[in-house]
Each structure stands twice: as structure tokens, then as C-alpha cells.
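Each reported figure results from applying straightforward, stated rules to the coordinates on display, with no laboratory input. Keep in mind the model is a prediction, meaning the values are calculated, not measured. Here the Cβ positions follow ideal geometry from the backbone for every residue, glycine too, while neighbour counts run over all protein chains shown.
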Amino acid sequence: MPDVTYPLDLTGIAPSNLITDEIHVLTEINENTYRIIIPKFAPFYLDNFKVKHTDIGGVTRELIPDVDYTICLPYIDGSRSVGKMLYGGVTINTDLINGVIKIDYQTIGGEWTADSTYVLERLYELVYNPRTTVWDIVTNKPNQFPPTDHAQHMDTVFGHVHLIDAINNIANTVGGSPSTSSGYMSHVFATGNVHSMTKGDIGLGAVVNLGLASDQEVQNLSLIDKYVTLRQIIQYISSPALDLSIFNQHLVDTENPHQTTAAQVGLGSVQNLPLADGNEVANKIPANKYVTLANVLQILQEDEGSSVRSILTPTSFFILASK
């Protein structure tokens, strides 16, 4: 690659990227079916493009495109990106045998400038016909260009008036207040319970319609039917004014602090009687005490063979035996 660099030019007319009288030598030795020249700073635009030939007698003339030479290796992706045709090479017709070729051209510059030696090697290695090959496949440079504006007057765009009118109509429709005169629009904008839904319809039939207690009502322990939040509860129990010792004393109180009765736990008919001990059972001492099934079986075994009648009352249990 040459040491000289050029800035990226996406216009094809930048004076900074115009290269003049770049020399390439033609001899009988390098003659072949497709004699190709790759400019040192290809790819290039067709703006200001000229090819001049000086023969061995010193006579110079400008060559005619498509007669004396043909532009080749079109840069497809690059041309699409910049909106102008870009090429990578020039093929010289075989009737020019010897002499010097001088080229004027507009290089695209930047990092898209390729190594001409590399391109020639690729063409020779792959046996590509340069007149039908594209630049994209014989260079190692990127094909994507940064976006650029393509200035174009709106008057040159066919149908733009109708497009603008359509866009304005959409903007007016979106920006304006929708009409509520139609039945479905009235329904859309209605704010009442137009479907007569109940809380049961949305799965909240058991929820009571209560308000939310204020922080002050929670702090004052107001006896009101309102909901409280977890934040209010935590705030209340974390309050410095709350003496938790009362709660702690209540937790360890084993003297029935809630005054629970036997009836409240389902034992309202059960009398508060002790259990008879083994001596009382063995000696059949009448007492208002409970006995266990083991006690009963013990008595029955002791009185085996006797006429036994058992009488069990809510207040006592008697064993009557006769020999």
C-alpha cells in the first residue's frame, strides 16, 4: 500500500481526492487477453475519470471509453451505500501494445482504499474474468459504509403532496378529540359500571368494603372497622411509646389470663373430679372420683365368678358384688 492516504469522500467530487497522471506501464510482456490496470487508490468514481496513453514515440492521446478501455470490477455494495457507481479496475484493449498509461480519477479514500497488488493476485489465483467480476469478491476491505444524507428536493418526489396530506390527516385524527356521539364510543368513554358487575363477578365476593385506617387511628388504637397495612402494624409495634413488657408478661401467664371456661373448649358437661387411686379402687371405697378402664377390669377380675352389677353415674362409680 502507498504511504499516501486520502480522506473518505462519499460525494465523488472532493478536490482532496482527485488523483492526476497516475502512471502505469504497458509492455508486450504483460499483454494478455484481459490486460487490467488497478489504480493504486481504487475503488474510484467516474467523476473526472480520464485515461491517457503515451506511445513509444512520445505521442499522447486521451483514450475513448468502451473503445480503447473498459471500466471493470464494479463495487456493488459500495455503490449502493453512496448512491454513485464505484469501480476497481480498467481493462485495456489489446491493440495498445507498449507505452505509458496515465489515469486521472476520484478515489473514495478512507479505509476502503484497497491494495492493488492484493487485488491482482486474487484475480490471477481465482482465474476471474475482470470484465465480469465484481470488486466485492477480490478485495479484503469492508463493504458497509457509514450512512450519509442524500439531499433531494421534495418537488422531485412523485406523489409527495398526497403523502403529506395523508400524514396530516392522520395527525389531525390522532390529535383531535374522538367523537362520542356513536353508541360504541359512548360505551368506551363511560365511567360508570355499565356492565353492572359485582364484586363477586371479579372473585372478591367475600371482601368487605372497608376504608383504610389512618396512621393516627392506628396509633390511638381507635375501635373502628377499617383495614390496616403491614407498614402501619410494623410502625405501631416499633413505636418507642409501646411498652412490649405487657405483651411479654401476657405470653408467660399460665393463670388463664383470658378466663377460658370448660364450656368454651367443649367440656361444659364434664365435672371437675379427680381420678381414684389404686387403694380406693382395690378396697372399693365409694367416692366421687373417676376411674379408668384398667381399674374396672381389675375389679371384674377380682370378682370373677360373682354376680357383678356395675352402676356408672355422672358423679360416682359403684361396684356391687354378692357371693
Residues residue 21 and residue 121, FRET efficiency given R0 of 30 Å [Cβ-Cβ distance, rounded to 0.05]: 0.70
Name the residues whose placed amide hydrogens come within less than 5 Å of the amide hydrogen of residue 42, ignoring near sequence neighbours (fewer than 5 apart) on the same chain. 114
For a test of the definition: using alpha carbon positions, the gyration tensor, and the 1.5 limit on a/c, classify the range 11-92 as rounded, prolate or oblate. prolate
Report the calculated FRET efficiency for residue 277 and residue 244 (r = Cβ-Cβ distance, R0 = 41 Å), to the nearest 0.05. 0.35
Long-range amide H partners of residue 99 with built H, under 5 Å: 26
Highest mean first, what order results for 74-86, 204-216 on Cβ atoms within 10 Å? 74-86, 204-216
For residue 206 and residue 264, extending 7 Å from Cα along the Cα-Cβ vector and measuring point to point gives, in nm, a value of 2.5 nm
Mean Cβ neighbour count within 10 Å, used as a protection proxy, ranking 99-108, 167-176, 279-288 highest first: 99-108, 279-288, 167-176
Just to verify a number: FRET efficiency for residue 225 and residue 166, C-beta to C-beta distance, R0 = 41 Å, to 0.05? 0.10
